[in-house]
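Single-structure report; data block below.
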Amino acid sequence: MAAKSANLYARIEPDVKEEAERILAVLGIPASNAINMFYKQIILNRGLPFPVRIPTAKPVNAAELTEEALNAELEKGYEDMLAGKVKSARQTFADIRKDYGL
């Protein structure tokens with residue numbers, strides 16, 4: 001294993017740092033090891049190890065909708081349900097846990 005003698009200085013948002021380090025602590029991984037793992041994945045993938053793209057659709061913020069627009073969005077969801085374009089809550093949460101390693 002190569003000696004770890006290079007330093008990396010980065011400025012990140014304090015709340016992002018705290019939350020990430022809290023999760024890493026539960027996993028038993030020091031932040032420096034996680035950063036080293038991230039860099040190794042960049043090398044292996046010859047780029048970022050995850051897709052980086054602009055979402056194609058903006059999520060709907062129900063708080064900003066008029067009553068008419070909210071009813072239209074609810075109607076779309078109801079139509080999707082009737083058409084069978086749905087997953088159970090159990091499956092949805094299982095997918096989230098799998099996708100985010102929770």
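The values are calculated or read from the model by the stated rules, or taken from the named source; none is laboratory data. Note that this is a predicted model, so its numbers are computed, not measured. Methodologically, a virtual Cβ is constructed for each residue, glycine included, from the backbone with ideal geometry; neighbour enumeration extends over all protein chains shown.
Name the one entry in Thr56, Thr66 that is over 30 Å from Tyr9 (Cα atoms) and within 18 Å of the chain's Cα centre (by Cα). I'd like the intermediate steps shown before the answer.
Details: Thr66 fails: within 18 Å of the chain's Cα centre (by Cα).
Checking each option against the conditions leaves just Thr56.
Somewhere in the stretch 13-25, is a residue exposed (fewer than 12 other Cβ atoms within 10 Å of the Cβ), on the phi > 0 side of the Ramachandran plot and assigned to a loop (DSSP other than H, G, I, E, B)? Working first, answer last.
Within the stretch 13-25, the first condition is being exposed (fewer than 12 other Cβ atoms within 10 Å of the Cβ), and the residues that meet it are 13-16, 18-19, 22, 25.
Checking which are on the phi > 0 side of the Ramachandran plot leaves us with none.
There is no residue in the stretch 13-25 that is exposed (fewer than 12 other Cβ atoms within 10 Å of the Cβ), on the phi > 0 side of the Ramachandran plot and assigned to a loop (DSSP other than H, G, I, E, B).
Across the stretch 58-79, what is the number of residues that are modelled with pLDDT under 90, farther than 20 Å from Asp99 by Cα and outside any helix (DSSP H, G or I)?
Number of matching residues: 3.
Counting just the residues of the stretch 38-53 that are within 18 Å of the chain's Cα centre (by Cα) and in a helix (DSSP H, G or I), which one comes out nearest to Tyr9 (Cα to Cα)?
Top of the filtered list is Phe38.
Looking only at residues that are surrounded by 11 or more Cβ atoms within 10 Å (Cβ to Cβ) and of a type in the set (A, V, I, L, M) in the stretch 67-101, which one is nearest to Ile23 (Cα to Cα)?
Ala94
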